[in-house]
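A quick write-up on the structure given underneath.
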Amino acid sequence: MQPQADPFIVPLCGDKIKIIYQDEHLLLINKPSILLSLSGKHPLNKDSVHFRLVKDYPSATMVHRLDFGTSGIMLVALNKSVNAHLTKQFQTRSVVKYYTALLQGHLENDEGVIELPIAKDEFPLQKICHLSGKEAVSYYQVIERLDKPLATRVLFKPLTGRTHQLRIHSREIGHPILGCDLYASDEAFHLSPRLMLHASQLEFDHPISGERIKGVCPCPF
């Protein structure tokens, strides 16, 4: 019988969650890097966005997630009906998301689209698979090209929301996200102390007023 691998223990996150916007129906928050969206099964992975928020907002529920290494804007519902309404918006792709990232090297084109289907691989990895993968589409636009380190700052607009989509799409075009522990080369991983991926903007319809909300969370890098 094969011995079980040691469980992955998330590093302690000392940064606080910041509230960007709140009303009686929902929250927009700024999630710090190295914080889980939901608590893990291991008792040492209890700390998470949800674990912290329910102390002050007992009815808070997570409408979507960000990878523990990704920082930035998240939408949180404060009751079940709002959660259902917002979840439907994510499912119908009426929610628009933008991410800022630092990619290794200089991208040749100033903008483009990556269309590569994604499937589950050996946990926790995902893989590109044209047979069993689900549609995954990422638009990108170059913001600036940097020389130290040799990197490109890009604005991503994912049309779909597959697990690790931007991380694996970046790798597939030969420019992995700096600090990515799963899909980057050792060189690209060690170029940054954190995953250089930040959810910078989120657009959605307010479930009660119907107003189009554009939440902005400035990139810290």
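The values are calculated or read from the model by the stated rules, or taken from the named source; none is laboratory data. Note that the structure is predicted; figures quoted are calculated from it, not measured. Backbone-built Cβ (ideal geometry, glycine too); neighbour counts: all protein chains shown.
Only one entry in 28, 53 is buried (at least 21 other Cβ atoms within 10 Å of the Cβ) and either modelled with pLDDT under 95 or out of contact with any Asp or Glu (no Cβ under 7 Å at 6 or more places or on another chain) (or both), namely 53.
Condition check for residue 167 on (1) of a type in the set (Lys, Arg); (2) surrounded by fewer than 22 Cβ atoms within 10 Å (Cβ to Cβ); (3) closer than 28 Å to residue 7 by Cβ: one failure, at (2).
Candidates are the residues of the range 29-50 that are part of a helix (DSSP H, G or I) and under 18 Å from the mean Cα position of the chain (by Cα); the one that is nearest to residue 215 (Cα to Cα) is 49. Selection of first residues in the range 90-111 that are assigned to a loop (DSSP other than H, G, I, E, B) and of second residues that are surrounded by 14 or more Cβ atoms within 10 Å (Cβ to Cβ) and at pLDDT below 95, restricted to Cβ pairs under 6 Å at least 6 apart or on distinct chains, gives an empty result. On the given criteria, is residue 110 surrounded by 16 or more Cβ atoms within 10 Å (Cβ to Cβ), among the acidic types (Asp, Glu) and more than 17 Å from residue 205 (Cα to Cα)? No, not satisfied. Of the residues making up the range 51-89, those that are in contact (Cβ under 8 Å) with a residue 60 or more places away in the chain, in a helix (DSSP H, G or I) and within 18 Å of residue 202 (Cβ to Cβ) are 82, 85, 86, 89.
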